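K.L.:
Handing you a structure now.
The values are calculated or read from the model by the stated rules, or taken from the named source; none is laboratory data. Fair warning: this is a prediction, and the values are worked out from it, not measured in the lab. Positions of Cβ are generated from backbone atoms using ideal geometry, with glycine treated the same way; all protein chains shown enter the neighbour counts. Just the protein is used for accessible areas: all its heavy atoms, side chains included, with ligands, DNA and RNA removed. Shrake-Rupley method; radii C 1.70, N 1.55, O 1.52, S 1.80 Å.
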Amino acid sequence: LDAENLIKYADLAMYKAKETGRNNYKFFTKAMNEEISSKLLLENDLRKALVKEEFEVYYQPQLDLNTNQIVSVEALLRWHHPEKGFVSPADFIPLAEETGLIVPIGEWVLRESCKQTKKWRDQGHDISLSVNLSNQQLISNHIVELVNEILVENQLDPQYLTLEITESLAITNLTDTLNKLKELQEIGVTIALDDFGTGYSSLSYLSTLPINFVKIDKSFINDICDKTKREIVKSVSRIASSRGLTV
């Protein structure tokens, strides 16, 4: 084993140790090298995917349970790799966030979904749109201008667009986040807090964050028969309703 490869393998072990938290160590393994190589190949393919138009937006319907009508759709990104076929978002979204590719990809999703929503509305469908916003998109200095530009470009009224953020994202650099969210609301966009009830959950965020919707995490809804979780859902609903938020 020469010095160059020894340092390379040590680096790989170091990065693997960092991924699992501080104050630990990892020994280099052959599987580790294969994992890194696979990750680099996927990153390279991800960079090409946007140019080659391999991405597609799927739309998940949201129902009004009072009327049983579809009132909104949530834009979900899907990737159809020319050789690997369907690539799970769980595999490529974290990589896109890690490499910064989530910014141009997120912009593409917003443009495509706003364009499609405008078409549906022109056809007479009273439908709104929800789009997830990543951490890197939100901290961008130009996010408000970009959202406004895309809405104007597609002649879509801001009231028909909801931007969804996660709780962990909301509390990252809280002051800047609050300002960005307020600016987005000022141009008429709706803000939703997604996956509420996980991570650093705090009921205080329902009163401090400038939001319009609260989406309770599915782990509570899936197990709604559990008395404790049912009471938590009821409590969140009551507090959100008292603030005029939609759950």
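K.L.:
Please name which of 60, 128, 208 has its Cα lying farthest along the dipole of the chain towards the positive end, using unit charges on Cβ (Lys, Arg +1; Asp, Glu -1) and the Cα centre as origin.
P.N.:
Among 60, 128, 208, the one farthest towards the positive end of the dipole of the chain is 208.
K.L.:
Continuing with the same structure: Which is the longest stretch in the chain that no exposed loop site breaks, taking sites as GluC sites (Glu not before Pro) with a DSSP loop state and at most 10 other Cβ atoms within 10 Å?
P.N.:
Result, exposed sites excluded: 84-247.
K.L.:
Hey, can you find the accessible area per residue of the chain for me, probe 1.4 Å, expressed in square angstrom?
P.N.:
Result: 59 Å² per residue.
K.L.:
Could you tally the net charge around residue 84, taking each other residue with its Cβ under 12 Å from the Cβ of residue 84, Lys/Arg +1 and Asp/Glu -1?
P.N.:
Spelling it out: positives minus negatives among the neighbours equals -4.
K.L.:
Just the number, please: percent antiparallel of the DSSP beta bridges in the chain, rounded to the nearest 5.
P.N.:
Taking every DSSP beta bridge with both residues in the chain, the antiparallel ones total about 45 percent.
K.L.:
Which one of 16, 180, 215 has the biggest mean-square fluctuation once the chain is modelled by GNM with Cα springs under 10 Å?
P.N.:
Maximum fluctuation in the GNM of the chain, among the listed residues, is at 16.
K.L.:
Right, something else. Evaluate the charge dipole of region 35-121 about its Cα centre and quote only its size in Debye, nearest 20, assuming +1 on the Cβ of each Lys and Arg and -1 on the Cβ of each Asp and Glu.
P.N.:
Magnitude of the dipole: close to 440 debye.
K.L.:
Comparing 84, 119, 218, which has the greatest mean-square fluctuation in the GNM of the chain with Cα pairs linked when under 10 Å apart?
P.N.:
In the Gaussian network model the winner is 84.
K.L.:
Contact order normalised by length for the chain, with contacts defined as Cα pairs under 8 Å and 6 or more residues apart; what percent is it?
P.N.:
11
K.L.:
Can you compute the charge dipole magnitude of the chain about its Cα centre, using +1 on each Lys and Arg Cβ and -1 on each Asp and Glu Cβ, nothing else charged? Give it in debye, rounded to the nearest 20.
P.N.:
Here the size comes out at about 640 debye.
K.L.:
For residue 242 and residue 54, FRET efficiency with R0 = 51 Å and r from the beta-carbon atoms, rounded to 0.05?
P.N.:
After rounding to 0.05, the efficiency reads 0.65.
K.L.:
Could you sort out which of 39/229; 16/182; 18/115; 48/218; 18/84 sit more than 32 Å apart by Cα distance in this structure?
P.N.:
39/229; 16/182; 18/115; 48/218
K.L.:
Further, regarding this structure: Can you send over the carbon and sulfur percentage of the accessible area for the chain, probe radius 1.4 Å, protein chains only?
P.N.:
51
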